[in-house]
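These notes concern the structure reproduced below.
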Amino acid sequence: MHTINRNSPCWCGSGLKYKKCHYDFDQKLNVIRSQGHIVPDHDIIKTPRQIEGIRESAKVNIAVLDYVAEHIRAGITTEEIDRWVFEQTARYGAVPAPLNYEGFPKSVCTSINEVVCHGIPSSEEVLKDGDIINVDCSTIRNGYYSDSSRMFLIGDVSEEKRRLVEVTKKAMELGLEQVKPWGFLGDMGQAVNDYASANGFSVVRDIGGHGVGLSFHEEPWVSYVSSRGTDMLMVPGMMFTIEPMINLGTWEVTIDEGDGWTVRTADGKPSAQWEIQVLVTEDGHEVIAY
Ligand code: MF3
Ligand code: CO
């Protein structure tokens, strides 16, 4: 990227000459890199055209989650949620991204109570009064990826679990407030961790968020226990997920040896997660999927 001629077309595809487009931007990035920071590669900076495609994908993801929100209730199986997600996504001419992703067998992740994430829908698993469940949807539409998840309370949920779900949502929102160009991902991560910790909960460390848009999981890997001023620099056109997993007890987790997917809290206590997909804009951020 340092060899590009100032009069050549810009790498961003705008059609403008490099010197009239991202030249100053790249100079600024070089300075910040030389100060020891991690800066994004060009390939994770989305063009306006790509952002438009990703927004279209996210519309489907949001509609599918809205459908789930309207129909989820005690007595249904997580297999039924999987069917809804597959059918609703197909209705919009899109494909659920989890299906066959690295061998994942279903269209959506359904994670109940002590399941932290990547729960596999099953006809044996029935939602019951008092459960909390995360439904994590991801969509591919015209080659563009979107990813978001929500928590649902089933029937009469204990005060403790309800507080966990609320604090997790608020932690995600406080992280979002930190998303703006020329800040660092650690600004967001620290905001999440500070709020969760202040409320007596712990943030999962071994699993994080990710860049998303042109593929399912892109750079950077996103931590929610990071520190202000560290991790990758945020610049306009970057897109990633804020998806903290917050536990009532220990942050430690295990992966099911039988299915190779299901992540649970090590102490068996409940866990909650909310996920949004966010774009860094010129003056702040835009929520793409929620
Ligand atoms: N939204 C989840 C993630 O980004 C979905 C994982 S799908 C799976 O990790 F196939 F990997 F389970
Ligand atoms: Co994700």
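Readers should treat all values here as calculations from the given coordinates under stated rules, not as data from a laboratory. Fair warning: this is a prediction, and the values are worked out from it, not measured in the lab. For neighbour counting, all protein chains shown are included, and Cβ atoms are generated from backbone atoms with ideal geometry for every residue, glycine included.
Structural remarks
- Total charge dipole magnitude, the chain, about the Cα centre, Cβ charges on Lys, Arg, Asp, Glu only, Debye to nearest 20: 1240 debye
- 3J(HN,Hα) along the stretch 146-152: 9, 7, 7, 8, 10, 9, 10 Hz, from the Karplus curve 6.51 cos²θ - 1.76 cosθ + 1.60 with θ = phi - 60°, whole Hz, x for Gly and Pro.
- Calculated from backbone phi, Karplus (6.51, -1.76, 1.60) coupling profile of the stretch 93-109 in Hz, x at Gly/Pro: x, 10, 10, x, 5, x, 4, 6, 5, 6, x, 5, x, 10, 8, 7, 9
- Cα shape, the stretch 63-204, gyration tensor, a/c 1.5 rule: oblate
- For Asn5, the shell of other residues with beta-carbons less than 14 Å away shows a net charge of +3, using +1 for Lys and Arg and -1 for Asp and Glu.
- Area projected by the alpha carbon convex hull of the chain, averaged over all directions, nm²: 15.3 nm²
- MRE, 222 nm, helices only [DSSP H, n ≥ 4, -39500 (n - 2.57), over the chain, to nearest 500]: -9500 deg cm²/dmol
- Taking the longest Cα principal axis of the chain as reference, the axis of helix 159-177 is set at about 10 degrees.
- The angle between the Cα long axis of helix 185-198 and the main principal axis of the chain comes to about 30°, on a 0 to 90 degree scale.
- Each peptide in 233-240, 194-201, 84-91, 19-26 was scored by the mean count of other Cβ atoms within 10 Å over its residues; highest first, the order is 233-240, 84-91, 194-201, 19-26.
- What the phi angles of the stretch 59-75 give under the Karplus curve with 6.51, -1.76 and 1.60, with θ = phi - 60°, is a coupling list of 4, 5, 4, 5, 5, 5, 5, 4, 4, 4, 4, 6, 10, 5, 6, 4, x Hz, glycine and proline written as x.
- Near the amide H of Ala97, within less than 5 Å, lie the amide hydrogens of Ser138, Thr139, Ile140, all on another chain or at least 5 residues away, with H placed in the peptide plane.
- Cα long-axis angle, helix 23-34 against the chain (0 to 90 degrees, to the nearest 10): 70 degrees
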